[in-house]
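The values are calculated or read from the model by the stated rules, or taken from the named source; none is laboratory data. Just so you know, these numbers come straight off a predicted model, no measurement behind them. Here the Cβ positions follow ideal geometry from the backbone for every residue, glycine too, while neighbour counts run over all protein chains shown.
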């Protein structure tokens, strides 16, 4: 099930975030990469995501996405701890031994999510609403 991009928040570095209440009252953040960024990179070939349990800091890299054009850092929009990684994006298919990044390309707001973070502390990047993020993207084209 894809999320509505208009209901998400965005970092200026093109990561989207959905903040929800988690177990025990903790805030949980699902993080992905925007459709705009995915299409700007074109032809994704590799994704590097952290192991669960790793701490992340707002505004600091937590992984990389590689296309035929370039390697781009992925930035955490919040302080916290990685609790889940989208294994479907980083586990090779046993038949082909290749990783399938199609969900990231074709469904970035659904099956293409990257990580889930248990939010800790109050640190977070400055987040943009959809209209402000879209304006930023339109101006950079």
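Quick check on region 83-128: of everything there that is surrounded by fewer than 13 Cβ atoms within 10 Å (Cβ to Cβ) and under 21 Å from residue 57 (Cα atoms), which residue is modelled with the lowest pLDDT?
Looking at the filtered set, the residue picked out is 122.
Listed residues 17, 38; which is under 12 Å from the mean Cα position of the chain (by Cα) and modelled with pLDDT under 95?
Testing whether each residue is under 12 Å from the mean Cα position of the chain (by Cα) and modelled with pLDDT under 95 leaves just 38.
Kindly provide the set of residues from region 68-82 that are in contact with a helix residue (DSSP H, G or I) (Cβ under 8 Å, 6 or more places away or on another chain) and either more than 15 Å from residue 34 (Cα to Cα) or surrounded by fewer than 17 Cβ atoms within 10 Å (Cβ to Cβ) (or both), ordered by number. Reasoning before the result, please.
Taking region 68-82 as the starting set, the residues that turn out to be in contact with a helix residue (DSSP H, G or I) (Cβ under 8 Å, 6 or more places away or on another chain) are 69-70, 72.
Listed by number, the residues that qualify are 69, 70.
One line per residue, one yes/no per condition, for (1) in contact (Cβ under 8 Å) with a residue 12 or more places away in the chain; (2) closer than 23 Å to residue 98 by Cα; (3) touching a strand residue (DSSP E or B) at 6+ places or on another chain (Cβ under 9 Å); (4) not in a helix (DSSP H, G or I):
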| site | (1), (2), (3), (4) |
| --- | --- |
| 13 | yes, no, yes, yes |
| 16 | yes, no, yes, yes |
| 20 | no, no, yes, yes |
| 32 | yes, yes, yes, yes |
| 45 | yes, yes, yes, yes |
| 51 | yes, yes, yes, yes |
| 58 | yes, no, yes, yes |
| 63 | yes, yes, yes, yes |
| 69 | yes, yes, no, yes |
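Restricting attention to region 129-141, report how many residues are closer than 20 Å to residue 21 by Cα and either crowded, with 19+ Cβ neighbours inside 10 Å or touching a helix residue (DSSP H, G or I) at 6+ places or on another chain (Cβ under 8 Å) (or both).
Residues meeting the conditions: 0.
Within region 97-113, identify whether any single residue is assigned to a strand (DSSP E or B) and either in contact (Cβ under 8 Å) with a residue 60 or more places away in the chain or closer than 27 Å to residue 132 by Cβ (or both), and answer yes or no.
No; the residues of region 97-113 include none that is assigned to a strand (DSSP E or B) and either in contact (Cβ under 8 Å) with a residue 60 or more places away in the chain or closer than 27 Å to residue 132 by Cβ (or both).
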